[in-house]
1. Give Leu24, Leu71, Leu85, Leu105 a once-over and let me know the one that is more than 30 Å from Met156 (Cα to Cα), modelled with pLDDT of 95 or more and not small (Gly, Ala, Ser).
2. Which of (1) in contact with a His (Cβ under 8 Å, 6 or more places away or on another chain); (2) under 24 Å from Val151 (Cβ atoms) is the odd one out, the single condition Leu24 does not satisfy?
3. Do any residues in region 85-105 that are touching a residue at least 24 places away in the same chain (Cβ under 8 Å) have Cβ atoms under 6 Å from those of residues that are exposed (fewer than 13 other Cβ atoms within 10 Å of the Cβ), where the two are at least six apart or on different chains, and which pairs are they?
4. When both residues are 6+ apart or on different chains and their Cβ atoms are under 8 Å apart, which pairs have a first residue that lies in region 34-46 and is over 19 Å from Gly144 (Cα atoms) and at pLDDT below 90, and a second that is in a helix (DSSP H, G or I) and hydroxyl-bearing (Ser, Thr, Tyr)?
5. Taking the options Met141, Met156, Met88, Met113, name whichever one is in a helix (DSSP H, G or I) and either over 13 Å from the mean Cα position of the chain (by Cα) or acidic (Asp, Glu) (or both).
6. Among residues belonging to region 116-138 that are of a type outside the set (A, V, I, L, M, F, W, C) and within 15 Å of the chain's Cα centre (by Cα), point out the one that is nearest to Leu26 (Cα to Cα).
Amino acid sequence: MKQFADSLGSLRTLKWGTRFVYTLFLAFVFTGYLVMALLAAERSGFSSEQIVGRYVGDDQTSFGMSYGEMLEVTHFHLFSMPLLLFVMGHLFLLSFWPLRVKVSLVIACAVGMVCDLSAPWLIHYVSSDFAQLKNIGRVLMGAGFLAFTLVPIWEMWFRRSPAVKADDSAVS
């Protein structure tokens, strides 16, 4: 456990090149998440009626998604979303934030993924009452990915290293 605790908060001590590559990765992922939010707004909106229309269809504008389309989207997201959570969550766990807060955000993001992935299936095959589960997933993932992006970038580039006391560095 001590080894794990010693590794926490080590983002600022990474070599410049490593921080640079992590920052590029986080910036691209953050941009991708913003584009995804725009895509969600354009395709399914945020109201229950719009979300149900996307997956089940409505009488006016949409035929909904077929079983095959839902399976294809779910398949892709089941591979990409956990990988994103793994990499970004790992960087976030290296931050100086309290361990309970970090673990809570990682769990919230994972729960958001479950909500986001299961909502279309529940809406389509169980009840349209599950429409807001999609938005719950979006909020949980959005909060998590926002923290997973901004906290590591801030700590890598702007956080001052804690001062070392003279007594702590003295050799007995």
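The values are calculated or read from the model by the stated rules, or taken from the named source; none is laboratory data. Computed from a prediction, not measured in an experiment: that's the story for all the values here. So basically every Cβ, Gly included, is an ideal-geometry build from the backbone, and we count neighbours across all protein chains shown.
1. Working: Leu24 fails: more than 30 Å from Met156 (Cα to Cα); Leu85 fails: more than 30 Å from Met156 (Cα to Cα); Leu105 fails: more than 30 Å from Met156 (Cα to Cα).
Going through Leu24, Leu71, Leu85, Leu105 in turn, the sole match is Leu71.
2. Of the numbered conditions (1) in contact with a His (Cβ under 8 Å, 6 or more places away or on another chain); (2) under 24 Å from Val151 (Cβ atoms), the odd one out for Leu24 is (1).
3. Leu94/Ser10
4. Hits for this filter: Ser44/Tyr55.
5. The unique qualifying residue is Met156.
6. First, the residues of region 116-138 that are of a type outside the set (A, V, I, L, M, F, W, C): 116, 118, 120, 124-125, 127-129, 132, 134-135, 137-138.
Within this subset, residues satisfying the condition of being within 15 Å of the chain's Cα centre (by Cα) are 116, 134-135, 137-138.
On the way: Asp116: 21, Lys134: 24, Asn135: 23, Gly137: 21, Arg138: 19 Å.
Looking at the filtered set, the residue picked out is Arg138.
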